[in-house]
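One structure below.
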Amino acid sequence: MTGAERSGIVMLAMAAVLSVVGVALLWPDMSGGRAPVARPPATSPAPSPTTAPPSPAVTPTVEPEPSPSRTTEKPSPSPSASASRDGDDLAGTVSDAALLHSLRLSRQADIPPTLEERLVALGGKVLLADLTGTGRKAFPDYFKGASATDRWRDCRIRAGVGERYDNRSDAALIHLVWAGTSPEGEREDRRPATVLLVRDVDGTWAPQPLPVEDE
């Protein structure tokens with residue numbers, strides 16, 4: 001075999017190999033277009049099922065605080081409407097201090113405070129002796145030995161002031177407010193009374209009957 005013949009055989013062999021390789025490369029397009037073709041997505045990819053979408057922010061609900069009911073509010077008691085501090089059941093709803101203040105506004109303050117305090121205390125003793133019958137022996141000229149017609153119980157003087165009687169320096173009217181239980185068992189409060197005190201030549205103050213026109 002000549003050299004030219006060998007060269008021709010080699011060229012034919014290489015051509016056959018190239019033909020086989022070309023057929024192999026063209027095989028996918030010849031299979032009916034079943035192989036998927038990679039194309040850019042038309043829309044954005046859907047989120048992965050394992051990835052949850054972000055939850056919308058939730059604003060916490062704040063319950064409004066209930067405003068205090070007007071019916072349950074209790075105003076602080078004023079001095080004129082407070083009960084007596086000594087716990088007297090007959091004290092009512094007006095304090096002793098309020099009663100005393102009211103008395104002072106309605107009477108003339110024309111007796112020295114120290115003397116007025118003494119006369120109010122004396123006038124209170126006379127009134128309690130008259131109401132309860134106890135202590136009358138201390139004022140024999142006034143009660144004349146007579147016992148109490150109606151005996152009151154649990155009596156006390158709540159307030160008292162003094163003023164000059166008929167503009168005299170030796171006579172004073174003692175205006176009192178008292179509380180007590182009647183002989184029938186009824187509770188009474190803020191009852192008024194007036195006691196006339198007169199000073200004798202010895203300087204001693206003693207009760208005297210109140211003139212009818214001043215009762």
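The values are calculated or read from the model by the stated rules, or taken from the named source; none is laboratory data. It should be emphasised that the depicted structure is a prediction, and the values quoted were computed from it without experimental measurement. Surface accessibility is based on the protein's heavy atoms, side chains included, excluding ligands, DNA and RNA. Shrake-Rupley method; radii C 1.70, N 1.55, O 1.52, S 1.80 Å.
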What number do you get for the stretch 119-166 when its Cα radius of gyration is normalised by 2.2 N^0.38 Å, N = residues? 1.21
Over 26 Å [Cα-Cα, the stretch 90-213], rounded percent: 21 percent
Tell me, what is the per residue accessible area of the stretch 98-154 in Å², probe radius 1.4 Å? 68 Å²
